[in-house]
Each structure stands twice: as C-alpha cells, then as structure tokens.
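This report concerns only the one structure given below.
Taken together, the values in this text are just the output of simple stated rules run on the coordinates, not laboratory data. Since this is a predicted model, take the numbers as computed values, not measurements. Note that we place each Cβ from the backbone using ideal geometry, even for glycine, and neighbour counts take in every protein chain shown.
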DNA sequence: AATTATTTTGCACATTTTTACAACTATTTA
DNA sequence: TAAATAGTTGTAAAAATGTGCAAAATAATT
C-alpha cells in the first residue's frame, strides 16, 4: 500500500472518529508501528492532524460556540503546505491585467495570498468572504464581490443573488476548487449551495482551472457540478499517481503538478 | 483510552454540566483517581477548566477573552460615544423578524454592533465591508451583501453591480447615514460613488431613517441624494437645536434625540 | 530485461511517557 | 475533633516512542 493511500485512510478514520491509536492503525493498515508513526509525523508536518502520545487527533473542524467561521479558519490549516504549493503554481497561469475568479475553497484563499503578494494590476472576482478580506485594500487589486446571502459554514456568498453580477463581467481565468474530481463523474461537491455560483463563474470565464490537492482526486462526492471536459487544466500536488495523470490527460485535462520550490524570488 | 481523548471527553462533560466530580470522571473514563487528577491538572494549565476541591469547573469564555480585547475595544467605544447612543436609539425602531438595510457610514457600523448584541432573528442588507465583517457569523442574523466593486476609501461596495440584488429584496427599514442634511437641500454627500446604492436601498425600503450626529445638521455637501421628504425620521444627538427640530418636523421628518441611558436591560 | 539507485519498511534496542498502586498529607463536614 | 473524602508524591510496570541498520520494494537507467 502506498504512503499517500495510507494518509487518505488515516484522514478518513480521523474525520470519522476524531482520534486513533497508533496500534489500531497498525491493525487496519497492516504495517508496523514505526511506519504508522512515520506517517503520522509527515501528516503532522502537512497539518493534516495533530500527533499525541499513543496516536493522533483530528485538527478540530468543529470547535463549537467559538463562532462558526473559526471552524473555517481551522480547516484552512489542513494540508496547508500543499495548498500553498498549488497556489504558487496556479499564480503562474495569471498575467497582469487579467481578471480572475476565485470561489470559496481554502485553496482559493491560499491563491489570494499569493496574488496579493505578486500582482499589481488584476481584477479579482470572488464570492468568498475570506478571499475578499484578504484582498481588501490590496494595492493594485480591483476587488469585485458577488454579494448575496452569506453562509457562515462556507464563509461565502451563495444563492442566486450571488450570480447576478456575472451578466456584466468577463473572466479570463476561473480557479475552481472542489471536494472531488474524477474522470468518470467530473467535479462533485458535498453541498449544493455554491454550485450555481461556480457554474456562473465558469460560464463567464474564458478558461477554468481546477486547483485541488491530491486527496480530492478520484473522489466522487454528492452533487455533480460539471464534467472534466469543462475544465482545461488541473493543478495538484505530487500525491497524484502516474495513472491518474494519464487518465486526466486522456480526458483532455492538462495536469500540472506543484513541486516544492526553494524561495526563488 | 488516550489522554487527549479523555481531555476532550472531560471538556464535553464540562460544557454540558458546568462542573464535574473527580470520582464521577473515574467511573466514566475507567481510570484511576490520580490519572483523572493529572488530567485536570494539565487541562487547568491549558486554561481548559478551573480545578476545585473534588473536581473541576468550566471556565467562562469571558474570563479568558476579556484580557486581550476589552482595552482596545473599550477605547474605541469611548471615542464614538455619541454614535453608540444614536445606534442604540435606532435599534428601537427595529423589530425581530424584519429586514434592515445599512449603508457604509461609521454610524451604520455602530448600529451593526448593537444589532449583533440585541437581535436573534433579523436580515441585514449592506454594502459596507465593515458591517458585513461585524455581522459575519453573528447568531440569528441573516447577512446579505450587495456585492460589487470594492472601494477601499469607503470600505464599501459600489457601482451598479452593487444595486442588482435590490430587484429581489424588500427592506423594512433603511438606516441612511449622510455627510449633510438640511430641510432646504435635503441629503447631500462629498462623493457620488455610493449614492446609487443608497438610492436603490431607499427604493426597496418601506421606511428610511436617517442616522446622523448633530454635526451633520444644516450642512449642505456637494452631491444631493434626495430631499428630506423622502425620509420619515431623523435620529440624532442632543446637539440639535429646538429650531432645527421644529424645521425638520414641519418638513414632515420626525426627530428622535438619542439620550444617555443607564443600562436598562 | 537486467542492473543500479533510491526510497520505504520492519526489527532490535535504548529512551521516554504514562498509569496505577501505595503510603502519606490536606481539606471538608458532621 | 474525628471520620471521611480528596489531593500529593514516589515508584515500578506497562505502553509508546525514537533510532540505527539491514531487508524489501520502487523507481530510474542502461
């Protein structure tokens, strides 16, 4: 069994149970304790969990009472190292003067941070409060927010009110985040709230690029937003397998793998 | 059972019950008394609870949060005492279940704070980023943002894109802030950016109430938004003169003067 | 296809952490 | 004040972790 597959398994267990013992994982994964510990170590570095003596704990998605959007804050720490790499790579597909659309995924927020740092003449359209907050007052960034009804659990504006402005706006590149993407089922989500906004963004956009860490690949979630043929490119991390790359490329989706880069600028 | 799992369990019990005995925890967690005590000790260090003889008690959220925030927040409040008073008064014209519109004035932000504190079933429509930020995740507040192009110097969304949603929305009360208001020249502003949004809000609203401190009274600024006959009420502070009250009332604008109140509820 | 290089994994052993049992001290309450 | 209940500390057994190194599995190269 591959390491990344184990990570995925561990993540799922953690999502379900909240915490696991190292020995339990040994049994489930059929590997030695050292391997499990090494896995947990890497996963902790990637902010995918918190290690504790005897096992690991989930990085709390729901810390009740403490206002809802902190849960979003917590979630954005998940796999943040990957997300930054992906965001950095995604920024290479943007040129000064263009207009880009960002939805409300956590990877979008990472991209917003890169944009704030690297661009001085860009229009950014978003339905994400966090992205808007990040780019609020950023020099040289023209910020357009969709508006609409605010959904705290997604930290974004949804409903058809959020789609109205797209009749007046053209987008060069739309960076789409997702819960799951597969060649067979296309791009899928857990919730359907945001799909209409994303669809509008896609319609308004010249080109759509999916930015998704490798844990989303091959995953089929509940609601289908569109097929893979609608997107021109997928940017992901090195967790993608050769096989998956071939499948996506065969379906007409170019694949870019974000690699660790050592402070180039 | 892992230590961290026990902490979580204890936290949940404490959240539910308020306090818990050491022996009770022994039974629930299936560990010795020393272990429970050590757990409570660690958790006390982490400020997750307060130890008492025989067990532990929940720490009230205020205790921990207080130290960091209040000094800064209080000072901010002291400065804008008059706006607070006006906002407090304005809130009396709102009833649970209604929908209200707030524009991007500083007094609107003060009103948003009062709303967050006092209401649990309200729809708030705004084009102000600060107001949206204040009400983001507020319990029982349905937040609708106009969207549109973000103007940093007003911290608000403007342009005609910000007016689109008003075809779909009805407002009970619109609280209008202004640079100047006079019986002769009506409501006037320094800039014209926001006027179209405010006009739409007014159109969509059943009633419009101007909230303006007394320094704005009798002032004629550059751009006229509408006449005083369009507004039903003016809420201001005690700096207003008897003469001014009479003039406004004669023009059909009822006047409410916000007074200092001593913590009534 | 065969070989080499690289990474990953598992085992043995030293180290650290955790826990429960005692024995003892402190606090509460009747 | 005495009896009961709760808290503290020392210690040893058990459980978990970290590390060096060799075997195994993968990837890369010829």
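Structural remarks
- Here the scattering of region A:3-57 is modelled by Debye summation over its C-alpha atoms, one equal scatterer each and no solvent; at q = 0.22 Å⁻¹ the log10 of I(q)/I(0) is -0.71.
- Here r is the Cβ-Cβ distance between residue B:251 and residue B:117 and R0 is 30 Å; the resulting FRET efficiency, rounded to 0.05, is 0.35.
- Residues of region B:159-202 with amide N under 19 Å of a point placed 7 Å along Cα→Cβ from residue B:95: B:170-175
- Take every DSSP beta bridge whose two residues both sit in the protein assembly as shown; close to 40 percent of them are antiparallel.
- FRET efficiency for residue A:242 and residue A:1, using Cβ-Cβ distance with R0 set to 22 Å, rounded to 0.05: 0.85
- Considering only beta bridges that DSSP places wholly inside chain B, some 40 percent are antiparallel.
- Estimated purely from DSSP H runs of n ≥ 4, each contributing -39500 (n - 2.57), the mean residue ellipticity at 222 nm for the protein assembly as shown is -11500 deg cm²/dmol once divided by its residues.
- Mean Cβ neighbour count within 10 Å, used as a protection proxy, ranking A:230-236, B:34-40 highest first: A:230-236, B:34-40
- For residues of A:146-157, the mean tally of beta carbons on other chains within 10 Å: 5
- Global geometry of region B:84-214, whether rounded, prolate or oblate, following the gyration tensor of its Cα atoms and the 1.5 cut on a/c: rounded
- Overall form of region A:186-232 per C-alpha gyration tensor (a/c, 1.5; a/b vs b/c): oblate
- Between helix B:195-204 and chain B: long-axis angle, C-alpha atoms, 0 to 90°, nearest 10: 80
- Order of B:178, A:123 - criterion: other Cβ atoms within 10 Å of each residue's Cβ, fewest first: A:123, B:178
- Ordering of A:103-114, A:18-29 by packing [mean C-beta count within 10 Å, highest first]: A:103-114, A:18-29
- Exposure proxy for B:174, A:166: other Cβ atoms within 10 Å of each Cβ, ordered fewest to most, give A:166, B:174.
- For the segment B:2-9, counting C-beta atoms of other chains within 10 Å of every residue's C-beta and taking the mean gives 5.
- Site pair residue A:23 and residue A:45 shows an inter-label distance of 2.8 nm when each label is modelled 7 Å from Cα along Cα→Cβ.
- Each copy carries a label point for residue A:24 at 7 Å from Cα toward Cβ; from one copy, the others' points are 2.6 nm away, ordered from shortest.
- Alpha-carbon Rg with Dmax, taken over chain B, Å: 24.9, 81
- Within 10 Å of each Cβ in A:11-20, the average number of Cβ atoms from other chains: 1
- Gyration tensor verdict on the protein assembly as shown (Cα atoms; rounded if a/c is under 1.5, prolate if a/b is larger than b/c, oblate otherwise): oblate
- Gained length - residue B:35 relative to residue B:57, 0.36 nm times residue gap less alpha-carbon distance: 6.2 nm
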